[in-house]
Amino acid sequence: MKKRISTLLLLTACAGSLLLAAGCTKKPVIAPDAGGLNSGKTTSFPPADGSEFSQDNLPAVGSLDDASGSGAGGLGDNASDEYKRLHGRSSEGLSPVYFDFDQSAIRGDMTDRMVMNADFLKQSPGTRIVVEGNTDERGTNEYNLALAERRAQNAKQYLVRLGIDGSRMRTISYGEERPLFFGQNEDSYAQNRRADFVAE
Amino acid sequence: MHTKTFSRIRTTLLLALIMALPANALAQRVYLDISAAETRKISFAVPHFVNSALPGQIQKFGMDNADLLAKALKFHGIISIIPSSDYGGRQDADWRNFGADYVVLGRYNSTSTGINFEMRLMDVAGNVELMGKTYSGTMDQVTKMIYSYCDEVINALTGTPGIASTQIAFVSLEGNAKEVYITDILGLKRRQVTRHRNLVVSPRFVKNGTMLSYTSYHSGNPNLYITDLRQSKTTKAISRRKGMNFAPAWSPDGSRMILTLSMNGNPDLYMLDSQGNIIEQLTKGAGINVSPTWSPDGSRIVFVSDRTGKPNLYVMDLRNRRTQRITFQGTENAEPSWSPTEDLIAYSSLRNGVYQIYTVAPQEGAKPTPVTSDLSHHESPQWSPDGNQIIFSKRDGKLNRIYAIMKNGSEQRALFSFAGSHTYPQWTR
């Protein structure tokens with residue numbers, strides 16, 4: 001293809017300069033109403049038959065073959081920064097844990113929180129939780145979704161090792177899609193590299 | 001038929017040249033390569049289209065649609081447009097004087113049911129018509145006609161149809177929700193595809209854009225859905241296993257997909273049929289495995305894994321399951337997209353703290369080539385259907401916007417002016 005267009009251009013350019021060099025004076029007018037087409041054909045676009053895509057007919061909550069569940073409610077957060085720093089999105093009695101950049105292992109300084117979370121869950125045996133994994137905005141979206149899933153899985157497994165029944169917990173990954181802090185600085189990034197423990 | 005016309009012209013010209021030119025004249029010409037960074041573009045004029053019923057009277061409709069065709073032609077990166085103000089938009093200008101290689105002359109007339117359009121591609125040097133077409137349809141279909149003719153013109157010039165009639169999908173954050181939208185290449189019209197009012201990620205076109213799959217969180221678990229783009233009534237869940245169901249690579253025929261599932265703890269790749277039944281597990285416990293993309297012939301995939309610590313690209317041969325790493329430079333390498341026309345992978349590579357777009361051949365030891373270099377993050381590269389361009393999501397202040405760039409790194413430009421922050425671009429014919 002490259003070659004073809006190149007040849008074409010070269011020839012066009014050469015032919016043009018040839019004509020100029022030869023002092024060709026014939027005015028190159030292309031008549032706009034030169035009659036019928038020398039080439040080509042008619043394409044008819046069929047009228048819409050009603051099966052076309054319509055914006056009034058979108059896949060929406062409730063129209064699908066699965067129930068709308070706890071995911072409803074959008075991505076917003078209304079709490080104060082002070083509250084968010086203390087609790088992340090974790091439920092009362094449970095504390096979020098934070099991660100190092102690009103890491104999914106539970107940090108040494110987070111083990112006390114994990115023990116407290118396990119104690120809380122032992123004291124309220126009826127509580128089921130979802131462990132939510134998040135990353136900061138650095139890194140690519142899809143990798144971050146997988147990284148945050150692994151953070152949530154590691155946090156869940158840690159609680160299992162502390163004696164919590166795995167069937168009481170599920171994980172969900174939000175990657176970088178649902179930041180709690182919006183600054184482009186290390187402080188916001190550190191707050192967003194987080195797993196929350198949310199009672200269901 | 002077009003090809004034949006061209007061959008004839010070329011042969012005639014070639015013979016004339018051989019007879020007329022001094023021996024060294026050809027060698028002095030700059031060789032034009034459309035993938036070179038510095039390229040002399042093909043010069044086009046698209047004067048105002050004329051209403052056949054009112055010749056000599058220029059209407060806004062005729063100006064707007066000539067401009068639309070000019071923009072669509074220019075989008076291909078190999079064509080420059082002579083501004084119509086240079087020659088007053090007249091169809092009978094002395095084109096050689098204005099340096100035009102080609103001119104498109106268009107006229108239209110309204111009918112009882114809609115409109116007829118006639119457009120003709122004229123070769124200025126040869127003073128001949130190369131390719132003409134007429135279109136008839138409703139007024140709603142005028143943009144479709146213009147785009148369709150643009151693709152014919154590009155086909156006549158390069159042998160490959162243009163990409164004006166293609167579709168781009170992306171995720172847009174507006175208010176508290178991320179939803180999938182689809183648009184044409186010039187962003188004239190945007191249509192919403194999902195309305196879950198929650199979080200949607202990783203849209204993927206299926207079977208040449210007749211369907212679209214995506215992952216939505218609205219049920220409380222990231223499940224995979226597929227929607228029929230021709231008839232949006234039919235949307236169904238095709239994988240709702242516990243944990244992630246996301247970022248599938250659809251086989252070119254749409255019969256299979258390779259999906260990341262985390263139901264067994266680790267995010268691994270699985271081959272599934274189009275109904276969502278697992279056929280085979282492809283990776284097992286070796287770090288994160290995401291973002292697969294299929295080679296056009298279906299024999300291989302390239303995907304992201306951090307099995308050696310940092311995310312890098314790996315190619316798996318689906319015939320024997322042999323897997324090899326292909327990226328060794330850059331801190332992280334992710335989000336591969338396999339060119340539809342050649343063995344070339346576009347991906348984002350973390351270089352000096354900034355994500356840049358690179359291309360690399362899918363084999364060990366291949367040298368990566370930079371496509372972008374400015375100090376903003378460039379993410380989620382995807383090839384154009386003709387394999388000449390790459391779109392990506394670029395950080396622009398607080399928002400992400402969709403940009404396009406030629407694969408040689410030229411012509412970087414923002415594509416759309418829609419509201420919202422835009423990520424996860426996808427492109428299909």
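The values are calculated or read from the model by the stated rules, or taken from the named source; none is laboratory data. No experiment lies behind these values; they were computed from the predicted model shown. Methodologically, a virtual Cβ is constructed for each residue, glycine included, from the backbone with ideal geometry; neighbour enumeration extends over all protein chains shown. Just so you know, the surface numbers come from the protein's heavy atoms only, side chains and all, with ligands and any DNA or RNA stripped out. Shrake-Rupley method; radii C 1.70, N 1.55, O 1.52, S 1.80 Å.
Some points to look at:
- Strands (runs of 3 or more DSSP E) wholly inside the stretch B:263-328 that include at least 2 residues being within 23 Å of residue B:368 (Cβ to Cβ), open to solvent by less than 60 Å² (accessible area, probe 1.4 Å) and of a type in the set (S, T, N, Q): B:289-294
- Hits in the stretch B:339-356 (condition: surrounded by 22 or more Cβ atoms within 10 Å (Cβ to Cβ) and of a type outside the set (Gly, Ala, Ser)): B:345, B:347, B:355, B:356
- Scan of the stretch A:96-116 for residues that are touching a strand residue (DSSP E or B) at 6+ places or on another chain (Cβ under 9 Å), assigned to a loop (DSSP other than H, G, I, E, B) and open to solvent by less than 30 Å² (accessible area, probe 1.4 Å), ordered by number: A:96, A:99, A:104
- Leading residue by the ranking (farthest from the other protein chains (Cβ to nearest Cβ)) among those in the stretch B:212-222 that are among the polar types (S, T, N, Q) and farther than 24 Å from residue B:167 by Cβ: B:221
- Flag if residue B:229 is touching a residue at least 24 places away in the same chain (Cβ under 8 Å) and either out of contact with any strand residue (DSSP E or B) (no Cβ under 9 Å at 6 or more places or on another chain) or more than 10 Å from chain A (Cβ to nearest Cβ) (or both): no
- In summary, no strands (runs of 3 or more DSSP E) completely within the stretch B:68-131 bear 3 or more residues that are in contact with a Leu (Cβ under 6 Å, 6 or more places away or on another chain), among the hydrophobic types (A, V, I, L, M, F, W, C) and in the same structural domain as residue B:44 (by TED's automatic domain parsing).
- Yes/no for residue B:357 being away from chain A (no Cβ under 13 Å) and in a strand (DSSP E or B): no
- Count - residues of the stretch A:117-153 that are open to solvent by 10 Å² or more (accessible area, probe 1.4 Å), modelled with pLDDT under 95 and either in contact with an Asp or Glu (Cβ under 7 Å, 6 or more places away or on another chain) or at positive phi (or both): 1
- Enumeration of residues in the stretch B:239-267 that are in contact with a Ser or Thr (Cβ under 7 Å, 6 or more places away or on another chain) and at the interface with chain A (Cβ under 10 Å from one of its Cβ atoms): B:243, B:244, B:246, B:247, B:267
- Of the listed requirements (1) within 11 Å of another protein chain (Cβ to nearest Cβ); (2) closer than 20 Å to residue B:253 by Cβ; (3) of a type in the set (Phe, Trp, Tyr), residue B:205 misses just one: (1).
- Tabulated pairs, the stretch B:120-140, first at the interface with another protein chain (Cβ under 7 Å from one of its Cβ atoms) and surrounded by fewer than 17 Cβ atoms within 10 Å (Cβ to Cβ), second modelled with pLDDT of 90 or more and not in a strand (DSSP E or B), C-beta under 6 angstrom, 6+ apart or interchain: B:138/B:114
- For residue B:190, the stated conditions hold: it is open to solvent by 10 Å² or more (accessible area, probe 1.4 Å), within 11 Å of another protein chain (Cβ to nearest Cβ) and not hydroxyl-bearing (Ser, Thr, Tyr).
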